[in-house]
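Below you'll find the structure, written out as structure tokens, and then a few comments.
The numbers here are math on the coordinates, done by the rules we state, and not lab data. Just so we're clear, the structure is a prediction, and the values are computed from it rather than from any experiment. Every residue, glycine among them, receives a Cβ derived from its backbone with ideal geometry; neighbour counts consider all protein chains shown.
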Amino acid sequence: MQTLVLGIGNTLLGDEGVGVHAIHYLQHKHSDFPDTIFIDGGTLSFTLATDIEQADNLIVIDAAQLHADPGTVKTFVNEDMDHFLGKGNKRSVHEVGLLDLMHISRLTGHFPRQRVLIGIQPEKLDWGETPTEAVSAAIPRACKHAIEQIRSWQA
């Protein structure tokens with residue numbers, strides 16, 4: 001069973017890049033999981049559709065409008081993830097949206113069996129290469145959720 005952990009975001013827009021920063025944290029601290037691939041998805045593109053299609057399990061880490069305090073981390077599992085994305089909760093500055101990539105994998109019949117979205121509430125979406133203090137502090141918590149999920153799938 002292959003697990004794909006995908007961090008997405010634009011690192012030039014402050015907190016919007018939190019998913020990419022989280023992936024770099026995971027690559028540095030936890031790159032030793034078998035059958036697990038960590039990808040910096042940046043601002044997404046259709047080329048990621050193949051990676052998603054090949055994954056049995058998918059974890060996405062991204063900034064998300066949670067209507068909560070900055071730095072809040074919330075996990076959406078399987079149908080809850082689908083529902084959250086389907087309600088248009090993610091205003092995207094990306095070439096394509098995560099929902100588009102999920103639709104592609106569904107249409108090709110290669111939809112990840114298990115999927116999780118780990119959303120982090122941004123504080124500031126403006127020019128800047130680093131997340132705000134609240135969002136930076138949330139990165140280890142979000143990564144802990146990802147690691148716990150990977151371990152549960154590998155158990």
Q: As a check on your grasp of the helix formula, calculate [θ] at 222 nm for the chain: sum -39500 (n - 2.57) over DSSP H runs of n ≥ 4, divide by the residue count, round to the nearest 500.
A: -12000 deg cm²/dmol
Q.
Check which residues have an amide H placed less than 5 Å from Thr72's amide H, if you skip close sequence neighbours.
A. Gln121
Q: Counting only GluC sites (Glu not before Pro) that are in a DSSP loop and have at most 13 other C-beta atoms within 10 Å, tell me the longest site-free stretch of the chain.
A: 1-94
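When a/c is below 1.5 the answer is rounded, else prolate if a/b is larger than b/c, else oblate, so apply that to region 3-77 with a ≥ b ≥ c taken from the square roots of the Cα gyration tensor eigenvalues. Could you put the intermediate results ahead of the total?
Numbers: a/c = 1.58, a/b = 1.46, b/c = 1.08.
The shape class here is prolate.
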Q: At 18 Å minimum axial length over the Cα atoms and a Kyte-Doolittle cut of 0.5, report the qualifying DSSP H helices in the chain, or say none.
A: none
Q | Long-range HN-HN contacts of Leu44 with modeled amide H, under 5 Å | A | Gly9
(Q) Within the chain, count lysine pairs with alpha carbon atoms under 26 angstrom apart where the residues are 8 or more positions apart or belong to different chains. (A) 10
Q) Which entry is the computed semi-axes √(5λ) of the Cα gyration tensor in Å for this structure: (i) 22, 18, 14; (ii) 41, 19, 12; (iii) 33, 20, 16? A) (i)
Q) What longest region of the chain stays clear of trypsin sites (Lys or Arg not before Pro) that DSSP places outside H, G, I, E and B and that have at most 16 other Cβ atoms within 10 Å? A) 1-86
Q) Long-range amide H contacts for Gly128: which residues qualify at under 5 Å (H placed 1.01 Å from N, peptide plane, sequence gap of 5 or more or a different chain)? A) Leu13, Gly14
